[in-house]
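Engineer: After the structure tokens below, expect a handful of questions from me.
The values are calculated or read from the model by the stated rules, or taken from the named source; none is laboratory data. Given the structure is predicted, the values throughout are model-derived calculations rather than measurements. No Cβ is skipped: glycine too gets one built from the backbone with ideal geometry, and neighbour counts run over all protein chains shown.
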Amino acid sequence: MKLVNDFLARFQNLTPPDDAVRRAVASAVFFVAKVPVKKEDVSISNSVAFIRCSSVAKSAIQVARGAILNELFQEMPKARNTVRDIR
């Protein structure tokens with residue numbers, strides 16, 4: 001008799017869709033750095049989340065980058081495979 005885990009094993013490596021990750025990045029940035037960011041302003045390329053905003057907001061995001069990534073990984077643990085840095 002096979003276990004359910006055997007049937008679901010192929011789905012363990014799936015990553016969340018980009019839209020969900022972009023929404024989670026935007027909410028983590030607002031929660032930690034208090035910088036309002038829309039999900040349309042976040043793009044993900046080569047495991048880096050690029051945020052389009054003013055230079056003052058970008059510097060605030062860079063200062064709080066570690067805390068933002070920690071908040072993102074707590075909210076969405078599978079995002080660890082998708083986002084490794086924020087710029």
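Engineer: Please work out if ALA57 is part of a helix (DSSP H, G or I) and of a type in the set (A, V, I, L, M, F, W, C).
Structural biologist: So ALA57 fits the description; yes.
Engineer: If you don't mind, another one. In the range 12-31, how many are closer than 17 Å to ARG80 by Cβ and more than 11 Å from the chain's Cα centre (by Cα)?
Structural biologist: 4
Engineer: Could you grab the pairs with beta carbons closer than 6 Å, sequence gap of 6+ or different chains, first residue in the range 61-87 and of a type in the set (Lys, Arg), second one at pLDDT below 95 and surrounded by fewer than 12 Cβ atoms within 10 Å (Cβ to Cβ)?
Structural biologist: From the range 61-87, the pairs are ARG84/SER47.
Engineer: Among the residues of the range 1-42, write down those that are among the polar types (S, T, N, Q), loosely packed, with under 10 Cβ neighbours inside 10 Å and under 15 Å from MET76 (Cα atoms).
Structural biologist: If the condition is that a residue be among the polar types (S, T, N, Q), loosely packed, with under 10 Cβ neighbours inside 10 Å and under 15 Å from MET76 (Cα atoms), then GLN12, ASN13 are the ones that fit.
Engineer: I've got another one for you. Among the numbered conditions (1) farther than 13 Å from ALA24 by Cβ; (2) of a type outside the set (Gly, Ala, Ser); (3) surrounded by 13 or more Cβ atoms within 10 Å (Cβ to Cβ), tell me where ARG87 comes up short.
Structural biologist: (3)
Engineer: In this structure, does SER43 turn out to be in a helix (DSSP H, G or I), of a type in the set (S, T, N, Q) and under 21 Å from ARG65 (Cα atoms)?
Structural biologist: Considered against the rule, which asks whether it is in a helix (DSSP H, G or I), of a type in the set (S, T, N, Q) and under 21 Å from ARG65 (Cα atoms), SER43 comes out as no.
Engineer: Output the residue which, of all residues in the range 49-84 that are among the β-branched types (Val, Ile, Thr) and either surrounded by fewer than 13 Cβ atoms within 10 Å (Cβ to Cβ) or in contact with a Ser or Thr (Cβ under 6 Å, 6 or more places away or on another chain) (or both), is farthest from VAL21 (Cα to Cα).
Structural biologist: The selected residue is VAL56.
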